[in-house]
Amino acid sequence: MNAAFMTDGAAVHIPAGVKLDKPLHLVFVNRGASSQFVATRNIVSLGEGAEATIIEQHVTLGDTAFQ
């Protein structure tokens, strides 16, 4: 389902041996109204010994009432 309806996402590659000292924050913004279903696909690739904390956040703008 995710692959069929994917509309957004990120591709992240952290090279071997790299250790991020701060979290990587991915923010996806929807405009509301027609954005009731979100199919985000992220691809994260870490090289050998790499370390990262990834935070994924979804934000909807506007006055959307989901039913």
> Convex hull over the Cα atoms of the chain, averaged projected area in nm²?
Replying inline: 5.6
> Summing -39500 (n - 2.57) over the DSSP H runs of n ≥ 4 in the chain and dividing by its residue number, what mean residue ellipticity at 222 nm do you reach, to the nearest 500 deg cm²/dmol?
Replying inline: -1000 deg cm²/dmol
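Computed from the coordinates by the stated procedures, all read-outs in this text should not be read as laboratory data. Everything numeric in this text was worked out from a predicted model, so none of it was measured.
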